[in-house]
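Only one structure is covered here, and it is reproduced in the block below.
What follows draws every value from the coordinates through simple rules; no lab data is involved. Predicted model, so just to flag it, every value in this text is computed and none were measured. Heads up, the Cβs are rebuilt from the backbone with ideal geometry, glycines too, and the neighbour counts pull from every protein chain shown.
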Amino acid sequence: MTSKFRFLTASIALSVAALVSVSSAADAPDTTHLGRSSVYGNLKNSSLEAISTSKSILNLLTIQDTKTGKRVAIPEASFAPTAYWTMLEHGERVECLDCVPFVSKLIYSSNPKSREISAWWLRRRIFGVFGKGEVYEQTINTVTNPKASELSRAYAANALGEFLEKAGIEPVSQALTNDASPVVRLAAANALIRLNSQGSLSDKGGEYPLASALSDENEEVRLAALNGVTHINVFSNVDRVVNLISDSSPLVRRRAAQTLGTFKNGDAVVGLIALTSTANEPDAGVRAAAVWALGQIADVQALDAVLAAQNDTDSAVRDAARIAARRL
């Protein structure tokens, strides 16, 4: 009897303790982090980063129309960009279907960071973005619509890159190949790099769009394509890079030389040797890149040119030559 009484008393005591614990937890604010408190002491909750809510996102981006009761977007200039970035970052996993139309407007923001984080947040949504006629499809339609403004097409291409969806490769490839605007083509080239793709072939036996962009009439587009050559996992037309060591732009020639060195392309040795001489190449940056590339390729036929470059008038070329000589 005594043992039963003791057991009953202990059970009641545990139940009361559990109720007190639950009550205390319910009273504690959501932002209380016990681990942090044990390490840093009882700091104010205002020092913690709070999770964004659907309401807080809507309150930042919209106002409520007093007549209709509907939410209306406010001008982007009405809120600080940093406040917007923080709000979305802290609301990464918040499902807010009502927020989607307002956030999607900001993938066309003039602020590149706002465009990036808008697409970043949208691509994490379960609803309202990837369905028929929703944000993603609208973005694809914009990048391929010749009636859309130049900036709208370029920003749409940026967004497709940030969405990280394979479905964006085809429209971005079209923009890179066919759009008349160098601004849009540049955005499309960078989007393909973000998508880790050389683009989609329009026909069998054709050339991938990123390779075609190496001969684009615009210097920035050619540089972006060269950047992509070494940043995507697969690039099938390294031979096209060799042609660029005779490009009219010294920036393109230098980047082409660096790319060939990165790939250790033996077919480029003769052309790179020519670039090490002041008689053939007036730009010191290009000469230094060519010497560096020859050191990376490590073909002994380049030894004489590399040794001669140790007497170059430019110190950067001389330094590159001394390092390259050790590899030959």
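Backbone phi angles across segment 162-169, fed through the Karplus curve with coefficients 6.51, -1.76 and 1.60 (θ = phi - 60°), yield HN-Hα couplings of 6, 5, 6, 10, 4, 4, x, 5 Hz in residue order; Gly and Pro are listed as x. Could you tell me which of rounded, prolate or oblate describes segment 170-291, using a ≥ b ≥ c as the square roots of the eigenvalues of the alpha-carbon gyration tensor, with rounded for a/c under 1.5 and, failing that, prolate when a/b is larger than b/c and oblate otherwise? It is prolate, given that a/c is not under 1.5 and a/b is the larger ratio.
What is segment 83-142's relative contact order, in percent, from Cα pairs under 8 angstrom and six or more apart in sequence? Over segment 83-142, the number comes to 32 percent. Between L195, G206, G228, the Cα set farthest toward the positive side of the dipole of segment 183-229 (charges on each charged residue's Cβ, about the Cα centre) is that of L195. Close amide-amide hydrogen proximity is noted between T62 and I74, each under 5 Å apart and 5 or more residues distant or on a separate chain (H modeled in the peptide plane; Pro and chain starts excluded). Taking each of K132/K166; K67/K147; K44/K113; K67/K132; K105/K166; K113/K166 in turn, the alpha-carbon distance tops 27 angstrom for K67/K147; K44/K113; K67/K132. Packing here is the average count of other Cβ atoms within 10 Å per residue, and on that basis the peptides 61-70, 169-178, highest first, run 169-178, 61-70.
Would you please classify the overall shape of segment 241-328 from the alpha carbon gyration tensor, given that a ≥ b ≥ c denote the square roots of the eigenvalues, rounded means a/c under 1.5, and beyond that prolate means a/b larger than b/c while oblate covers the rest? Oblate, since a/c reaches 1.5 and b/c is not below a/b.
Under the rule a/c < 1.5 gives rounded, and otherwise a/b versus b/c splits prolate from oblate, where does segment 94-216 land using the Cα gyration tensor? Prolate is the answer for segment 94-216, as a/c is 1.5 or above and a/b outweighs b/c.
Can you compute the FRET efficiency between D239 and H90 using 1/(1 + (r/R0)^6), with r the Cβ-Cβ distance and R0 = 45 Å? Round to the nearest 0.05. Efficiency computed from Cβ-Cβ geometry: 0.40. Highest mean packing comes first when the peptides 146-155, 286-295, 102-111, 185-194 are listed by Cβ atoms within 10 Å, giving 286-295, 185-194, 102-111, 146-155. Normalised by the number of residues in segment 204-247, the mean separation of alpha-carbon contacts (under 8 Å, six or more apart) gives a relative contact order of 33 percent. Among 124-133, 274-283, sorting by the average number of other beta carbon atoms lying within 10 angstrom of each residue, highest first, gives 274-283, 124-133.
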